[in-house]
Amino acid sequence: MNSLIEQVAASDVTGHAAAVRTAAVLDVQARAHRLVAALDPATDGPGRADGGDPERAWGLACLRIALAAGMDGVEDVVMLRRSGATWAQIGAVAGITRQSAHERWNARVLEVLDRYGLGELGGRVADDDPRST
């Protein structure tokens, strides 16, 4: 019979890995919510009088926390681009330039938002492609 170590090495851990990823994402989201609420207790919804956008701030906080934790952050970038965040905003929280953010994530974001390659991103995706400026 195989040793315990051999059995562990041959075991399917796909479900366990998915559970860890899900837990990590949920923790990032909860921590981002607490961060935004601590920074601005008046986070009562988008379109506030002071021009703040707590929803976008939350998404940017998710990205910042995910990156600081060593995660890729592409899911957050897709969500942010879909909600109208600019590459400049994304780059700012990632600690890189707008152009670097675009180079790092744009192709992968387009795979999700424009899966058929039609150039139709739809929704509120910001039109700030560095190639067009």
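The values are calculated or read from the model by the stated rules, or taken from the named source; none is laboratory data. Note that this is a predicted model, so its numbers are computed, not measured. Neighbour counts run over all protein chains shown; Cβ positions are idealised from the backbone, glycine included.
Assorted remarks:
- Cross-chain or 6+ apart pairs with Cβ under 8 Å, segment 106-117 first and surrounded by 14 or more Cβ atoms within 10 Å (Cβ to Cβ), then among the acidic types (D, E): N106/D129; D114/E120
- Extreme residue, nearest to E103 (Cα to Cα), among residues of segment 62-92 that are of a type in the set (G, A, S) and under 10 Å from the mean Cα position of the chain (by Cα): G73
- All of (1) modelled with pLDDT of 95 or more; (2) buried (at least 17 other Cβ atoms within 10 Å of the Cβ) hold for A69 with one exception: (2).
- Count of segment 81-97 residues, restricted to those that are in a loop (DSSP other than H, G, I, E, B) and among the aliphatic types (A, V, I, L, M), is 2.
- Index of the failed condition, S100 passing every other in (1) in a loop (DSSP other than H, G, I, E, B); (2) surrounded by fewer than 16 Cβ atoms within 10 Å (Cβ to Cβ): (1)
- Of the candidates T14, T43, the single residue that is loosely packed, with under 12 Cβ neighbours inside 10 Å and either modelled with pLDDT of 95 or more or among the hydroxyl-bearing types (S, T, Y) (or both) is T14.
- Filtering A24, A9, A19 for residues that are outside any loop (DSSP other than H, G, I, E, B), farther than 14 Å from M71 by Cα, under 22 Å from the mean Cα position of the chain (by Cα) and of a type in the set (A, V, I, L, M, F, W, C) leaves a single hit, A19.
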